[in-house]
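Chemist: Take a look at the following structure, please.
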Amino acid sequence: MIAHIKGTVIETTPLLVVIEAAGLGYEVQIPITTAEKVPTVGKECSLYTHAVYREDSASLYGFATREDRDFFRLLVEKVSGIGPKIGIAILSRMSVELLRGAIANSDIALLSKCPGIGKKTAERLVIELKDKVGLGVVASTTSMSGSSSNPSQGAYQDAVSSLIILGYKPADADKFVRKASSQLPADASVEALVKAALS
């Protein structure tokens, strides 16, 4: 099992990166939330990976943090009806922080907005994963840039909800708060997150 890859970026698209390591070019499928953090062509990149082997194919999926990779594994291994493609689509639409909060709060409406997820699958997500995602403070995880990801789950979720109330789409609200949280301290308030997200 390939659990991690480090090498030079030789090609990149919103859902795919090719990394050259030890003379081989590895095609790695990635969610948009990871693509946002992948360096430009020619730079070194490090990804946590999950390999899927089938009779007629082998696929490698990559993530900026171990937390993202582990959440993807939960999705595809614990929830019936969710395969790697839908797992990548879900993580492309929403960050792990927002997904954890939505599952912990049984927010079926928000989960249903993910591509490939209807109401029944969203309900299954909550039933299968609620006891595995727990709220509280999200553990810091080291990203490719070496920085830590930040605020408490509650503050992050509330900031995203505030932007949604203001009329932002869930995916955009999540993206703006995620960007703001990377620039603020771990104990940033909801108000500080929203202000930074809107600036």
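The values are calculated or read from the model by the stated rules, or taken from the named source; none is laboratory data. Values in this document were obtained by computation on a predicted structure and should not be read as measured data. When we count neighbours, we look across all protein chains shown, and the Cβ atoms used for this are built from the backbone with ideal geometry, even at glycine.
Chemist: Of (1) crowded, with 17+ Cβ neighbours inside 10 Å; (2) of a type in the set (A, V, I, L, M); (3) without any contact (Cβ under 8 Å) to a residue 60 or more places away in the chain, LEU98 satisfies all except one. Which?
Modeler: The one condition LEU98 does not meet is (3).
Chemist: Counting only residues that are modelled with pLDDT under 90 and in a loop (DSSP other than H, G, I, E, B), which one in the stretch 80-105 is farthest from ARG54 (Cα to Cα)?
Modeler: ASN105
Chemist: Across the stretch 43-73, which residue is surrounded by the most Cβ atoms within 10 Å (Cβ to Cβ) among those that are under 18 Å from the mean Cα position of the chain (by Cα) and assigned to a loop (DSSP other than H, G, I, E, B)?
Modeler: Across the stretch 43-73, the extreme among qualifying residues is ALA64.
Chemist: Looking at (1) crowded, with 18+ Cβ neighbours inside 10 Å; (2) in a helix (DSSP H, G or I); (3) at pLDDT 85 or above, can you tell me which one LYS179 breaks?
Modeler: The failed condition is (1).
Chemist: When you scan the stretch 17-35, how many residues do you find that are exposed (fewer than 14 other Cβ atoms within 10 Å of the Cβ) and under 18 Å from GLY87 (Cα atoms)?
Modeler: 1
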